[in-house]
Amino acid sequence: MSVPRQNTPRQRDTHGREPRRREPRLRPPGRVARAVAPAIVRAADALTRWTSRVLGVEATAGREQITEAQLRELIAVNTALDPEERHIISKALSRSAATLREVMVPRTEVWFLTTAMTVAEAIAEAREAGHTRLPIADGSHDDVVGFVHLRDLLWDERPERSVRELSREVKRLPASKPVLAALSEMRRERHTIAVVVDEYGGTAGIVTLEDLIEELVGEIHDEYDETPSAQAPGGPAPDEVDGMINLADFAERTGITLPAGPYETVGGFLMSALGRLPAVGDSATLEAYRLTVLALDGRRVARVRLIPVDLTPADPLPVDPTPLPDLA
């Protein structure tokens, strides 16, 4: 990969992210996310200033190219960056091929409101969904007219009022847009949620500012999140995973690399391996583990159990050395 550098190497939107899927979550970024975003920019600024000095690049040097390997080498020897900043930049570089399609919440997992709903109905829907920002669709989910914040619903004193009257403008981004470019654009325009649009102009899913920031710094947990089970690096794989976890996160958490294919999640891998819609109890074996479907949410795989399998049984079946007869 080559990273364009114009004048000084100010690469705030170096593309970064491996395929990733997560459980849908539309909560606001919160204090942690708002604090992390400036740190990303400061880390990038520190790197670009330092690389300019090291490489002797002047502000008028024009457009040049600096490779990912060169950037990684500069990061490794740069004493101006603290370990956290170095980790953030390295993580961004390692996730350079990601697009919004790989990190969005797919439309089948999105909880939509409709323009026909009243404020009272929308509040009930928001409580059931457990989200603070919900997109508003006018008939079809491909026609998203905006989004509403739960705070606006609760503060409104007219429960019979149409939810459309409280609708806020929603950002639209193409599914092919790189994650870091989308993060930069959403921060610049002060958007916290965006509709991801496919090549046909339809709604592919949604993405939040928090989702994009987490691509660089990892999961941001607040007081409403379930505490994840701790796992030491290099330790045993977890017993269960979410069916919507993406392949890269699955490999990072379990040490198991699933083969590439026409899917982005563990559930998609199981569907491809089975050649049909999975049912509870279905399984596929890969490397030293058997992946078994524990639960479904509608037609999608909700939970998957990882079961170690012994690929070298103590008592192998005897093999008859007698050749088979020629049936031709």
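The values are calculated or read from the model by the stated rules, or taken from the named source; none is laboratory data. Since the structure is predicted, the reported quantities are computational estimates derived from the model, not experimental observations. So basically every Cβ, Gly included, is an ideal-geometry build from the backbone, and we count neighbours across all protein chains shown.
The table that follows gives values for the structure above.
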{"read-out": "Qualifying residue in region 184-191 (condition: touching a Pro at 6+ places or on another chain (Cβ under 9 Å) and hydrophobic (A, V, I, L, M, F, W, C))", "value": "no"}
{"read-out": "Residue match in region 267-278 (condition: buried (at least 17 other Cβ atoms within 10 Å of the Cβ), out of contact with any Asp or Glu (no Cβ under 6 Å at 6 or more places or on another chain), among the aromatic types (Phe, Trp, Tyr) and farther than 23 Å from Arg101 by Cα)", "value": "no"}
{"read-out": "The listed residue being in a helix (DSSP H, G or I) and either buried (at least 16 other Cβ atoms within 10 Å of the Cβ) or at pLDDT 90 or above (or both), out of Ala116, Ala92, Ala76, Ala69", "value": "Ala92"}
{"read-out": "Single residue of region 279-297 satisfying the filter (β-branched (Val, Ile, Thr) and in contact with a Leu (Cβ under 7 Å, 6 or more places away or on another chain)) that is surrounded by the most Cβ atoms within 10 Å (Cβ to Cβ)", "value": "Val293"}
{"read-out": "Scan of region 246-269 for residues that are hydrophobic (A, V, I, L, M, F, W, C) and either more than 24 Å from Asp211 (Cβ to Cβ) or modelled with pLDDT under 90 (or both), ordered by number", "value": "Leu247, Ala248, Phe250, Ala251, Ile256, Leu258, Ala260"}
{"read-out": "Test result for Val105, of a type in the set (A, V, I, L, M) and in contact with a Pro (Cβ under 9 Å, 6 or more places away or on another chain)", "value": "yes"}
{"read-out": "Test: residue in region 185-200 that is surrounded by fewer than 15 Cβ atoms within 10 Å (Cβ to Cβ), over 29 Å from Ser90 (Cβ atoms), out of contact with any helix residue (DSSP H, G or I) (no Cβ under 7 Å at 6 or more places or on another chain) and not small (Gly, Ala, Ser)", "value": "yes"}
{"read-out": "Criterion: surrounded by 13 or more Cβ atoms within 10 Å (Cβ to Cβ) and touching a Gly at 6+ places or on another chain (Cβ under 8 Å) - qualifying residue of Leu180, Leu173, Leu153", "value": "Leu180"}
